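The values are calculated or read from the model by the stated rules, or taken from the named source; none is laboratory data. Note that the structure is a prediction, hence the values are computed from the model and not measured. Here the Cβ is made from the backbone with ideal geometry for all residues, glycine too, and neighbour counts use every protein chain on show. When the accessible area is computed, the model is the full protein with side chains, heavy atoms only, and any ligands, DNA or RNA have been set aside. Shrake-Rupley method; radii C 1.70, N 1.55, O 1.52, S 1.80 Å.
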Amino acid sequence: MSEFEMEPTARRGFLARLAAGSLAVAAGGYAKAFAEAPAQAPAGGEWDTSWMAKIKGKHRQLFDGMTVNSGFGPVMARIWLMTSAAYGAKENELSAVLVVRHEAICIAMNDSIWSKYKLGEFFNVTDPTTTKPAERNIFAMKDTYWAPPFAAAAIDQLKASGVIMCACNMALMHYAEQAGGKVGIAKDAAIAEWKANLLPGMTLVPSGVLAVNRAQEHACTYCNVS
């Protein structure tokens, strides 16, 4: 058995414990986010839905990220783009959609948020250059990417390749409040600051699960990258 495999009984028990723990931690904050979400639309009062119109390729793939998972959501998106040519697909026939939600929301935030809100410590992300909790978004830029062999998977590189990227507003509000509380920043101020500091190319959507639904309605096949 490989290091990535588990016995069925053990796997079911592990998943049950993981689900129970995650729900216990997130339920309160997500309930607040749910109640406040309608009033938390971006400036102008309307959500940007233009990302859906960009899903045009013959081959359409959705990458659904709910955990940081060492940044492998973006990596899988890049690998799909790179290897599609093996089956004769042309670049203009590909549409990739990356959704970051729940704990993966940190991937969508810029360096200032990572530093100020100590996201490396909060989300248990280590910067390989310091071996300490990351004080920058190690997944954001090609030139400072956490794993040089996969630098083409950096968010700035995916944006340049036309990958459609969505960030969950529900997760943003929940984790902005939680992380803000740990560094002494009031909820409303934290939420506003996080929304103002999304990485270029990230579209804020009402919820990640809604973006997953809409991407699939636009004929994307589904890939869980958590």
List pairs: first in region 68-86 and basic (Lys, Arg), second open to solvent by less than 30 Å² (accessible area, probe 1.4 Å) and part of a helix (DSSP H, G or I), Cβ under 6 Å, 6+ apart or cross-chain? ARG78/ALA153
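Looking only at region 129-141, decide whether some residue is under 16 Å from the mean Cα position of the chain (by Cα) and outside any loop (DSSP other than H, G, I, E, B).
So far as region 129-141 goes, no, none of its residues is under 16 Å from the mean Cα position of the chain (by Cα) and outside any loop (DSSP other than H, G, I, E, B).
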Kindly list the number of the only condition in (1) under 27 Å from GLY184 (Cα atoms); (2) open to solvent by 40 Å² or more (accessible area, probe 1.4 Å); (3) polar (S, T, N, Q) that fails for ASN137. (2)
How many residues, within region 140-156, are in contact (Cβ under 8 Å) with a residue 24 or more places away in the chain and open to solvent by 50 Å² or more (accessible area, probe 1.4 Å)? 2
By residue number, the members of region 181-226 that are assigned to a helix (DSSP H, G or I) and without any contact (Cβ under 8 Å) to a residue 24 or more places away in the chain are GLY181, LYS187, ASP188, ALA189, ALA192, ALA196, LEU210, ASN213, GLU217
Tell me, yes or no, whether region 81-99 has at least one residue that is closer than 20 Å to VAL225 by Cα and aromatic (Phe, Trp, Tyr). no
Of all residues in region 81-90 being of a type in the set (Gly, Ala, Ser) and out of contact with any Leu (no Cβ under 6 Å at 6 or more places or on another chain), the one that is most open to solvent (accessible area, probe 1.4 Å): ALA86
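Hey, can you tell me all the residues within region 47-80 that are open to solvent by 60 Å² or more (accessible area, probe 1.4 Å), among the charged types (D, E, K, R) and assigned to a strand (DSSP E or B)? Don't jump to the end; show me each part of the working.
Taking region 47-80 as the starting set, the residues that turn out to be open to solvent by 60 Å² or more (accessible area, probe 1.4 Å) are 47-49, 53-54, 56, 58-60, 69-70, 72, 76, 79.
Filter once more, keeping what is among the charged types (D, E, K, R): 48, 54, 56, 58, 60.
Residue satisfying the conditions is ARG60 alone.
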Got at least one residue in region 91-113 being surrounded by fewer than 17 Cβ atoms within 10 Å (Cβ to Cβ) and in a loop (DSSP other than H, G, I, E, B)? no
Looking at the structure I just gave you, is ALA211 modelled with pLDDT of 95 or more, open to solvent by less than 40 Å² (accessible area, probe 1.4 Å), under 15 Å from the mean Cα position of the chain (by Cα) and within 18 Å of THR67 (Cβ to Cβ)? yes
Evaluate region 118-128: report whether one residue or more is assigned to a helix (DSSP H, G or I), modelled with pLDDT under 95 and either more than 22 Å from CYS223 (Cβ to Cβ) or open to solvent by less than 10 Å² (accessible area, probe 1.4 Å) (or both). no
Within region 193-203, is even one residue open to solvent by 10 Å² or more (accessible area, probe 1.4 Å), over 14 Å from ALA104 (Cα atoms) and modelled with pLDDT under 95? no
